[in-house]
1. What figure, in Å² to the nearest 10, do you get for the accessible area of VAL24 with a 1.4 Å probe and non-protein molecules left out?
2. For THR128 and ALA312, FRET efficiency with R0 = 25 Å and r from the beta-carbon atoms, rounded to 0.05?
3. Using modelled amide H (1.01 Å from N, peptide plane; none on Pro or chain starts), what sits under 5 Å from the amide H of ILE112, excluding residues fewer than 5 places away?
4. Would you please classify the overall shape of region 260-328 from the alpha carbon gyration tensor, given that a ≥ b ≥ c denote the square roots of the eigenvalues, rounded means a/c under 1.5, and beyond that prolate means a/b larger than b/c while oblate covers the rest?
5. Which value at 222 nm does the chain reach when only helices count, each DSSP H run of 4 or more adding -39,500 (n - 2.57), with the total divided by all residues and rounded to the nearest 500 deg cm²/dmol?
6. Return a whole-number percent for the relative contact order of the chain, with Cα pairs under 8 Å and 6 or more residues apart as the contact set.
7. Show MET17, MET177 ordered by accessible area, largest first, where the area counts protein heavy atoms only and the probe is 1.4 Å.
8. Is the shape of region 66-135 rounded, prolate or oblate, going by the alpha carbon gyration tensor and its root eigenvalues a ≥ b ≥ c, with a/c under 1.5 for rounded and a/b larger than b/c for prolate?
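The values are calculated or read from the model by the stated rules, or taken from the named source; none is laboratory data. Everything numeric here is computed off the predicted structure, so don't read it as measured data. Using ideal geometry, Cβ is built from the backbone for each residue, glycine included, and neighbour counts are taken over all protein chains shown. Heads up: the accessible areas ignore ligands, DNA and RNA and are worked out on the full protein's heavy atoms, side chains in. Shrake-Rupley method; radii C 1.70, N 1.55, O 1.52, S 1.80 Å.
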Amino acid sequence: MKAIICSRYGAPEVLQMAEVEKPVPKKNEVLIKIFATTVNGADTRIRGAVFPSVFNFPVKMAMGFKGPRKNILGVELAGKIESIGENVSRFKQGDQIFASTGASFGAYAEYICLSEKAVMTIKPSNMTFEEAAAVPHCALAALHFLKKGDIQKGSKVLIHGASGGIGTFAVQIAKSMEAEVTGVCSTSNLDLVKSLGADKVIDYIKDDLPKKGDNYDVIFDTVGKGPIISHINALKEKGIYLSAVHLELPRIIKGLKMSLTSSKKVIGGSAPYTAENLEILKNLIETGKLKTVIDKKYTFDQIIEAHRYVDAGHKKGHVIVNVTDKNE
């Protein structure tokens, strides 16, 4: 089968198409023909070894110092089950699924084997494979953190980076929780964020960012570029600052200091992905409360161009890579 190999860290050009052995499912695994995957910030940071300095050594120790040990990247996919192991009961041959591969990666390939207990479920009936492929990574992260925010009906929620991969889903998920949502984005993306249900938008190019007195219940930072002290000051007493990005040490120290000296909370870290949360997302999708924003689409042999585009830092929503034709 064809796969994209990343044998060393570096620019997009380190990615190479190669012929590798097609996997065979074990007794508790399914073999999936992948139709679509994505390129997101997680993929480009891993490929380029762009890690916060405080995490650089431990991350490389876990993943590989010269290049990723698991050299087929890709953290999410949508496709069809081609065959199943003899002990599999959750799925059957022919099922259309979407899944997160998480730290195991492997979605930059024509086929992958996953355990039937993986973060995987039947594809929403009202989504294409392209749309579904973009859900598992960013939407699971958005759901995880927003659940940590203890959002109630009428809660005032600000989402920084509302036009990005996590942000576009976060706006919609917060609205499904009946929050009053303010999205922060650039001028060119104001209409997009409004179309996703945001009650208010802040143009960070022209407008002041949140400041003391804005009184949000939850501020969700999906990009890690906002002023953390200003954000925390803009929270109500007992408000919660959520960060979906790994912060540099000075920002971590500032956040810890604020959380220790006030009633406000700072919650960050990595989002654990679960099949249970993927089912919640599937329900939101099938009830019309969640959709995927697709910025650009690429073919499998254009994956270097896709990585270049994401590296530029201007994507809105998601970048899709079509791996194999679903009609094949």
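1. VAL24 exposes around 110 Å² with every protein chain in place.
2. After rounding to 0.05, the efficiency reads 0.45.
3. The list, which skips near neighbours in sequence, is ILE32, ILE34.
4. Because a/c hits 1.5 or more and a/b fails to exceed b/c, region 260-328 counts as oblate.
5. Helix contribution divided over all residues of the chain: -8500 deg cm²/dmol.
6. 19 percent
7. Result of the area sort, largest leading: MET17, MET177.
8. Taking the square roots of the gyration eigenvalues as a ≥ b ≥ c, region 66-135 is oblate.
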